[in-house]
1. Can you tell me which lysines have their Cα less than 19 Å from the Cα of residue 102? Leave out same-chain residues fewer than eight positions away.
2. Could you tell me which residue out of 51, 86, 61 lies farthest along the dipole of the chain toward its positive end? Charges go on the beta carbon: Lys and Arg +1, Asp and Glu -1, centred on the Cα centre.
3. About the Cα centre of the chain, how large is the charge dipole given +1 on each Lys and Arg Cβ and -1 on each Asp and Glu Cβ? Please answer in debye to the nearest 20.
4. Give, in nm to one decimal, the length gained when the segment between residue 39 and residue 15 is fully stretched (0.36 nm per residue of separation minus the Cα-Cα distance).
5. Name the lysines eligible as straight-distance cross-link partners of residue 28: C-alpha to C-alpha under 17 Å, and not fewer than 8 places from it in the same chain.
6. Could you report the chain's accessible area per residue, 1.4 Å probe, as an integer in Å²?
7. Pull out a ≥ b ≥ c, the square roots of the eigenvalues of the alpha-carbon gyration tensor of the chain, then state rounded if a/c is under 1.5, prolate if not and a/b is larger than b/c, and oblate in the remaining case.
8. Under a crude label model (7 Å from the Cα following the beta-carbon direction), how far is residue 64 from residue 86 in nanometres?
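The values are calculated or read from the model by the stated rules, or taken from the named source; none is laboratory data. Because the structure is predicted, anything quoted here is derived from the model rather than measured. With ideal geometry, Cβ positions are generated from the backbone for all residues, glycine too; neighbour counts draw on all protein chains shown. Note: areas computed on protein heavy atoms with side chains; ligands, DNA, RNA excluded. Shrake-Rupley method; radii C 1.70, N 1.55, O 1.52, S 1.80 Å.
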Amino acid sequence: MNYVQTHYTCITLKTNTRKVTVNTAKLKDAGTDSNISITLYGSNGDYATATLNGSFEQGDSDTTRISTSNLGDIRKITIRTDGSEHKPGWKIANIKITGNGKTFSFAGPNRWLGDGGSPDFETLFPS
């Protein structure tokens, strides 16, 4: 009889919870009904992408908690809209990401996203 000896190594990956808060501008028709997602890029060279939950209406503050690997400090984000639904255009006031005792703030883009019903994105850096 032949025996095969195997070894299994269990690796525990540390996850972090990040709170992503998106503030929609208070301008007329600034809200959107489109699907929104975000990618966080960390100083450790890793990234995480998540769909955001919320109404994203004019003047609203919508918060989503997401689990990520240990990204380190957030170096940049990419915010995306799929440009779908009745009101695709969206004007972001600002985005705040908190986690691991740190807060990273991002000014909204200097333009409307998804205006005209097309998928759109913007990459932002901490302000």
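1. 14, 19, 76
2. With unit charges placed on the Cβ atoms, the residue in question is 61.
3. Using Cβ point charges on Lys, Arg, Asp and Glu, the chain gives about 480 debye.
4. Fully extending the segment from residue 39 to residue 15 adds 7.0 nm.
5. Leaving aside lysines fewer than 8 places away in the same chain, those within reach of residue 28 are 87, 91.
6. In whole numbers, the chain has 61 Å² accessible per residue.
7. Because a/c hits 1.5 or more and a/b exceeds b/c, the chain counts as prolate.
8. Result for the modelled spin labels: 2.2 nm.
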